[in-house]
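The values are calculated or read from the model by the stated rules, or taken from the named source; none is laboratory data. Because the structure is predicted, anything quoted here is derived from the model rather than measured. For neighbour counting, all protein chains shown are included, and Cβ atoms are generated from backbone atoms with ideal geometry for every residue, glycine included.
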Amino acid sequence: MQKNTFLFDIAAKLLEEHSQQMENLTVILPNKRARIFLINALKAQTKVPLVAPEIISIETFVQEVSGITALDSIELLFEFYAVYGRLTPEQPEPFESFAPWAKTLLQDFNEIDRYLLNPNTILTYLENIKEIEHWSVSVDKHTALIERHLAFWRKLPSYYHEFYQHLRDKKRGYQGLMYREAVANLPHFIQHSSARKYCFVGFNALTKAEETIVQQLMAADRATVYWDADRAFLEDPLHDAGLFLRRYLKEWPHYKTQPLQHVYSQFQEAKKITVIGTSKSIGQAKLVGSILEKHLEDHPDTALQDCAVVLGEESLLVPILYNLPASIPALNITMGYSSKNNPAQLLAHKWFKMHLNAQQRNPQQYVFYFRDVLDVITHPLVEPYIQADVLLKYVRQNNVTFIPQNRLFTLLEKPPTALFQLLFQKWEAHASGVLQNLATLLLEIKAQLNYTSNDEKIANAFLYSLYKIVNKLISYFEQHPVDNQPETAFALYKQIVDLAEVSFEGEPLEGLQIMGVLESRVLDFETVIITSVNEGKFPSGKSNNSFIPYDVKREYGLPTYKEKDAIYTYHFYHLLQRAKNVYLLYNSDSEGLDAGERSRFITQLEVEKQPQHQLIFEQYHPEVPQIAYEPMVVPKDEAVMHQLKAIATEKYFSPSSLTNYVRNPIRFYFQRLLRISEAEEVEENIAVNTLGTIIHAVLEDLYTPFIGRILTVHDIEACFSKIEAKVVEKFKDVYKEGEIQKGRNLLAFEVAKRNVFNFLKLELESLKKGEVVQILALEQGFEREFVHPKLPFPIKIGGNVDRIELRDGRVRIIDYKTGKVEGKSVTLSSWKGLTEDIKNDKIIQVLAYAFLYEKEAKGLPMEVGIISFKNLKSGFLPFKFKADKEVQTEVTPEILAAYLEELATLLAEIFNPEIPFREKI
């Protein structure tokens, strides 16, 4: 065991000064955790059997003196709500809106009692402040809202006294009540425990009640105080680490006649302090891992027994756990980790949301929203243990937006597990039943864990923490008159889950210690790594969770941010006091959401540098490649060339696949050779390509009866009445079970109808002008071999053409586009570089259709082009070739030959084994 620690020194003093009456000695520590370290220090220095002294925390001691049992913060809220309801019978607030302000008010009650203030004085002061705030409004013009607001502040003394008496009668209470009662009972306690001696060890900032208790015991010669005082802080009148002790030395009667004993001079000793700035929280987590890895290499025999990681920000715990070296022999986590960041809590929150949304949407049918379902089934605590992949596949393939609860169970390939049933079974009609379901669900998830990995052990701690909260809620709902609706259960759950903390199990005397700032009190380590040494984190800043204004606190001696900063300063310097190696990590990013400014503590160490301190400043940069991204290059080996030939001879290259190559060769490689398609996602809102597919399908159905004959005005007029039915039919075919009755999808539905209507209207106008139109083909597939000297063998080109018609003796090939296309997109002035620029993609596509249909045209004049549904007023947009001032719209043999020359160049590149597929970025 490390011998230069405060507790080792205290153990020696206890053995020296109290060895004869250890059984009558009570040692009081700031927290429970230090107890095992003190016992270990006593054991290390005792050679003969010895009765250990009673070692307790200050909270336990105060509870013993007061005779009051501590209530947890959740039950306090319920008890206060019962008192509030009695005193506000006319218009009590529901619990969910009561809880937020009640938590703040209870904190103020606690401070008033811990500092032994007259509650009437403070609370009446608050009432008067609120009255002053409304002076600008004359009394006769006070609204009902203002009156209710002022009435609330007038009732604060009543709330306090009634609640205090209510708890006192039950012999239960919050910390401040215990302290006030302990002070009142102290004379009786001293009188009836005359044989016992008390040692207060390692305290710094005492409340007024604690000061009173300690001083009265010292005055009765029943107590000794062992401060952990260092000369560097005590003798500097401006150093906040010694603020409280200097105040006690000045004000306590005991120190007017007795000098302070046991002052240390350890802060000035040799230390290596390394200050490291790094980017973001994740940078700090990775840095902690690398520091520990090097420490293990340099000190293989210590097994990290004298090393601690102190988190200035508790949310760093999980990232640090994932970045710890695998060689760490043992780990002990001692800190209050908020349930806000608890993965099990996040699952419970998603579960609540999913069911509440289903109930509100349709209580009878109980329909789940697909995103709510996906959020639940993809959670890491759930996904491995249910048939999540089956559900995901079904939802994405069928484009399901809303899923009836009973339908979920029919989709599984195997019988549903107990966990699946608990996740999706219908809720009970009351809050207690809902919470019981949640408790059972958490137990079922816990049963799935096999505890073979640290991850699962940590998950178990999270689950157990939440399970305790839910169980308490169940009992509170049964004992207290609160609205028993499921919505209330969720509202209450959200309010109180932040009050709970996750507890981790571990061996406190072995391995690496990970702790919060407050848990480090009284303890000393040779190597200390402190994270988040940033302003607003460590120290935590000027947050003020109180109704009591700053000036009132100053006036009546309540702690303000000045005292809070002094407490954090003491903890910081105490961590450094006996350490030999210190690492201070901070976020050096000055911009963004997680921006940081290094703590004033670092500046203070720099300005007040001790002669024997080695202060090193570093900047940690994760390894970043010099090139941000290297474009992907895939060489064309024998297998690739074989596959390309198979596509060219056994299948075909479509115009769209060729334009994909022009756009990005790697995308072409993924789609055509590796056959990797885009990830299937649910289209909650109809995508543009889906809308296009629907419009294509509607027009195909409407025009199919007219293939092969001349269109008439009557034919088109008859189509108008069929638009809505056809659009509905095609939406169901293409969009599957997607919702089209409301929101954006309803607008898309109307857009589809309007586009078809406008297209038919355009067609009708052309027929009325006397144009003769004969439909030759709709959505028809064509294939043709392309033979060219540049190519190693004949290559098949193929694809589906949206519409081919004979209009006034000319063959017209039409490609529909849902998006907006203008004439310039299908206009060309030079063939050079046609297949090198993606802006020519539409020209490459429509001329490919001309090549495919050339033989079927049988010498008739031919034109190709686009009809854009977002530019219908422009009508048919034909391909145009501008040579000097002449504009050609007919696809002549010369134009087709020039196009095929460029196409051959493109295909020759694709089939050239020396040219790899190179990503365009």
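So which residues in segment 46-60 are at pLDDT 90 or above and out of contact with any Ser or Thr (no Cβ under 7 Å at 6 or more places or on another chain), if there are any at all?
From segment 46-60, those at pLDDT 90 or above are 53-60; that's our starting set.
Once the filter is applied, which keeps residues that are at pLDDT 90 or above and out of contact with any Ser or Thr (no Cβ under 7 Å at 6 or more places or on another chain), segment 46-60 yields I55, S57, I58, E59, T60.
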The condition from (1) touching a helix residue (DSSP H, G or I) at 6+ places or on another chain (Cβ under 9 Å); (2) over 22 Å from V183 (Cα atoms); (3) of a type outside the set (A, V, I, L, M) that Q63 misses is numbered (2)
Within segment 55-82, the residues that are surrounded by fewer than 20 Cβ atoms within 10 Å (Cβ to Cβ) and in a strand (DSSP E or B) are I56, S57, T69, A70
Here the qualifying pairs (Cβ atoms under 8 Å; residues six or more apart or on different chains; first in segment 11-28 and more than 15 Å from K43 (Cα to Cα); second of a type in the set (G, A, S)) come out as N24/A195; I28/S57
Here the qualifying pairs (Cβ atoms under 6 Å; residues six or more apart or on different chains; first in segment 54-77 and under 24 Å from F200 (Cα atoms); second of a type in the set (F, W, Y)) come out as V62/Y179; V65/F189
T818: passes all of (1) surrounded by 18 or more Cβ atoms within 10 Å (Cβ to Cβ); (2) over 26 Å from K885 (Cα atoms); (3) out of contact with any Gly (no Cβ under 6 Å at 6 or more places or on another chain) but (3)
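Any residue that is at negative phi and not in a loop (DSSP other than H, G, I, E, B) - is there at least one of those in segment 47-54? Write out each step before concluding.
Step one: of segment 47-54, the residues at negative phi are 47-54.
So of that shortlist, the ones also not in a loop (DSSP other than H, G, I, E, B) come out as 54.
Checked segment 47-54: at least one residue is at negative phi and not in a loop (DSSP other than H, G, I, E, B).
How many residues does segment 518-549 hold that are within 27 Å of K130 (Cβ to Cβ) and free of Cβ contacts under 8 Å to residues at least 40 places away in the same chain?
As a first pass, look at segment 518-549 and keep what is within 27 Å of K130 (Cβ to Cβ): 541-549.
Narrowing the set further to residues that are free of Cβ contacts under 8 Å to residues at least 40 places away in the same chain leaves 541-544.
Residues in segment 518-549 being within 27 Å of K130 (Cβ to Cβ) and free of Cβ contacts under 8 Å to residues at least 40 places away in the same chain: 4 in total.
Name the residue that is modelled with the highest pLDDT, counting only residues in segment 450-483 that are among the hydrophobic types (A, V, I, L, M, F, W, C) and more than 18 Å from V502 (Cα to Cα).
Of segment 450-483, the ones among the hydrophobic types (A, V, I, L, M, F, W, C) are 458-459, 461-463, 466, 469-470, 473-474, 477, 482.
From what is left, the residues that are more than 18 Å from V502 (Cα to Cα) are 474, 477, 482.
Details: I474: 84, F477: 78, V482: 67.
Checked segment 450-483; the qualifying residue modelled with the highest pLDDT is I474.
Just give me the residues in segment 407-418 being surrounded by 12 or more Cβ atoms within 10 Å (Cβ to Cβ), without any contact (Cβ under 8 Å) to a residue 40 or more places away in the chain and part of a helix (DSSP H, G or I), in sequence order.
First, pick out the residues of segment 407-418 that are surrounded by 12 or more Cβ atoms within 10 Å (Cβ to Cβ): 407-409, 411-412, 416-418.
Narrowing further to those that are without any contact (Cβ under 8 Å) to a residue 40 or more places away in the chain: 407, 409, 411-412, 416-418.
Selection gives R407, F409, A418.
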Taking segment 826-867 and the residues there that are among the β-branched types (V, I, T) and in contact with a Gly (Cβ under 8 Å, 6 or more places away or on another chain), the one that is nearest to A904 (Cα to Cα) would be V846
Per the filter on segment 216-231, residues in contact with a strand residue (DSSP E or B) (Cβ under 9 Å, 6 or more places away or on another chain) and not in a loop (DSSP other than H, G, I, E, B) are Q216, L217, M218, A223, T224, V225, Y226, A229, D230, R231
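Between L292, L304, which is among the hydrophobic types (A, V, I, L, M, F, W, C), surrounded by 18 or more Cβ atoms within 10 Å (Cβ to Cβ), assigned by TED's automatic domain parsing to the domain that holds Y586 and modelled with pLDDT of 85 or more?
Numbers: L304 fails: modelled with pLDDT of 85 or more.
One residue alone meets the criteria, L292.
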Can you find a residue in segment 16-26 that is farther than 30 Å from R148 by Cα, part of a loop (DSSP other than H, G, I, E, B) and of a type in the set (A, V, I, L, M, F, W, C)? no
The helices (runs of 4 or more DSSP H) lying wholly within segment 90-206 that contain at least 2 residues that are at pLDDT 90 or above and over 30 Å from I10 (Cβ atoms) are 95-114, 119-133, 156-170, 175-191
Within segment 880-894, of all residues that are out of contact with any helix residue (DSSP H, G or I) (no Cβ under 8 Å at 6 or more places or on another chain) and not in a loop (DSSP other than H, G, I, E, B), the one nearest to Y853 (Cα to Cα) is P893
### Message
Looking at the structure I just gave you, is K446 assigned by TED's automatic domain parsing to the domain that holds F490 and modelled with pLDDT under 85?
### Response
no
When restricted to E854, E863, the only residue more than 26 Å from P789 (Cα to Cα), outside any loop (DSSP other than H, G, I, E, B) and over 50 Å from the mean Cα position of the chain (by Cα) is E863
For segment 834-845, pairs from a residue that is under 14 Å from K920 (Cβ atoms) to a residue that is basic (K, R), with Cβ under 8 Å and 6 or more apart or across chains, are I838/R663; D841/R663
